[in-house]
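The values are calculated or read from the model by the stated rules, or taken from the named source; none is laboratory data. No experiment lies behind these values; they were computed from the predicted model shown. With ideal geometry, Cβ positions are generated from the backbone for all residues, glycine too; neighbour counts draw on all protein chains shown.
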Amino acid sequence: MQPYPVPAEAVSFSEEIKKSRFITLLAHTEGVEAAKTFIQDVRNQHPAARHHCWAFVAGAPADSQRLGFSDDGEPAGTAGKPILAQLMGSSVGEITAVVVRYYGGIMLGTGGLVKAYGGGVQQALKLLTVYQKVPLAEYKLHCDYPQLALVESLMQQMGGQILQSDYGAAVELRLALPAADASAIVIRLFDLSRGTLQLQPVS
């Protein structure tokens, strides 16, 4: 998996359209549960609002398994889908958008709603700062004490992390490697150790 951008901090954008107030909130949400928690938090912050429409891309931008959206009482297709379309078009991962609407008494029509919900997210995305997330893959490794320095050196060079170390008769390590480079690191470690060190993927 290649690195991808995720939100660095939460963003809020507010506008009034025909007396209705639309507040768009974006946040970094890693996973579906985090997305649902953020949506509920926004509902709790704005209990008097008529609608809390939302969409999320809870994983990597290309991960179509972790998408969701809701019109929350607006006509079908006028809120959740336009919000999701903006998020997917941004190529940002692990992001949730909630658009809160305080109804002002004037109907916007389906076209007006699509424009209001999609447009609010589009404006909020312009304010968003991101950083590159490097997906990690976990591995187990059994090594002798003299080989530990070699492993630590390779982790430092390749951007890997030692998550856990258990010292017994030998050393049992749990490692996190950049997923995009993991196979190359596995081969490199095997070669450097003359075939004595083999990384085992953690499923």
Checklist outcome for this item: Checked pairs for segment 176-203, first within 15 Å of Q156 (Cα to Cα), second among the hydroxyl-bearing types (S, T, Y) and modelled with pLDDT of 85 or more, C-beta under 7 Å and 6 or more apart or across chains, list as L177/Y139
Item to check | Pair list, Cβ under 9 Å, 6 or more apart: segment 1-12 residue aromatic (F, W, Y), other residue at pLDDT below 95 and loosely packed, with under 12 Cβ neighbours inside 10 Å | outcome: Y4/Q132
Checklist entry - Has segment 53-62 got any residue that is surrounded by 20 or more Cβ atoms within 10 Å (Cβ to Cβ), touching a residue at least 40 places away in the same chain (Cβ under 8 Å) and at positive phi? => result no
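Per-residue answers, yes or no, for (1) in contact with a Phe, Trp or Tyr (Cβ under 6 Å, 6 or more places away or on another chain); (2) closer than 20 Å to L128 by Cα:
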position	(1), (2)
V11	no, yes
E16	no, no
N44	no, no
Q65	no, no
P82	yes, yes
A97	no, yes
V100	no, yes
G105	no, no
G111	no, no
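From the list V6, V92, exactly one residue is in a loop (DSSP other than H, G, I, E, B), under 27 Å from Q132 (Cβ atoms) and either in contact with a helix residue (DSSP H, G or I) (Cβ under 6 Å, 6 or more places away or on another chain) or of a type outside the set (D, E) (or both). Which is it? Walk me through how you get there before you give the answer.
Working: V6 fails: in a loop (DSSP other than H, G, I, E, B).
The match here is V92.
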Next on the checklist: With the structure loaded, tell me whether A116 is buried (at least 19 other Cβ atoms within 10 Å of the Cβ) and more than 22 Å from V32 (Cα to Cα) or whether it fails that test.
Outcome noted: yes
Checklist entry - Mind checking which residues of segment 120-131 are surrounded by fewer than 18 Cβ atoms within 10 Å (Cβ to Cβ) and touching a strand residue (DSSP E or B) at 6+ places or on another chain (Cβ under 8 Å)? => result Q123, L127, T129, Y131
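Filter segment 18-37 for residues that are touching a Phe, Trp or Tyr at 6+ places or on another chain (Cβ under 6 Å) and crowded, with 20+ Cβ neighbours inside 10 Å; which is farthest from G105 (Cα to Cα)? Explain how you work it out, then say what you get.
Applying the first criterion (touching a Phe, Trp or Tyr at 6+ places or on another chain (Cβ under 6 Å)) to segment 18-37 yields 20-21, 24, 27, 29, 35.
Those still in the list that are crowded, with 20+ Cβ neighbours inside 10 Å too: 20, 24, 27, 29, 35.
Numbers: S20: 7, T24: 20, A27: 29, T29: 33, A35: 30 Å.
Among those residues, the one meeting the criterion is T29.
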Checklist entry - Within the set of pairs 6 or more residues apart or between chains, which connect a residue that is in contact (Cβ under 8 Å) with a residue 40 or more places away in the chain inside segment 109-132 to a residue that is assigned to a helix (DSSP H, G or I) and not hydrophobic (A, V, I, L, M, F, W, C) with Cβ atoms less than 6 Å apart? => result Y117/P82; V121/Q86; L125/S90
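Okay, residues lined up against (1) touching a Phe, Trp or Tyr at 6+ places or on another chain (Cβ under 8 Å); (2) assigned by TED's automatic domain parsing to the domain that holds S12; (3) closer than 25 Å to S91 by Cα:
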site: G120; (1), (2), (3): yes, yes, yes
site: Q123; (1), (2), (3): yes, yes, yes
site: K126; (1), (2), (3): no, yes, yes
site: H142; (1), (2), (3): no, no, no
site: P146; (1), (2), (3): no, no, no
site: A149; (1), (2), (3): no, no, no
site: S153; (1), (2), (3): no, no, no
site: M158; (1), (2), (3): no, no, no
site: Q161; (1), (2), (3): no, no, no
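Can you spot a residue in segment 52-74 that is of a type in the set (K, R) and modelled with pLDDT under 95? Write out each step before concluding.
Of segment 52-74, the ones of a type in the set (K, R) are 66.
Next cut, modelled with pLDDT under 95 only: 66.
The answer is yes; a qualifying residue exists.
Any idea which of K115, K81, K126 is more than 18 Å from F13 (Cα to Cα) and part of a helix (DSSP H, G or I)? Spell out the reasoning first.
Working: K115 fails: more than 18 Å from F13 (Cα to Cα); K126 fails: more than 18 Å from F13 (Cα to Cα).
The unique qualifying residue is K81.
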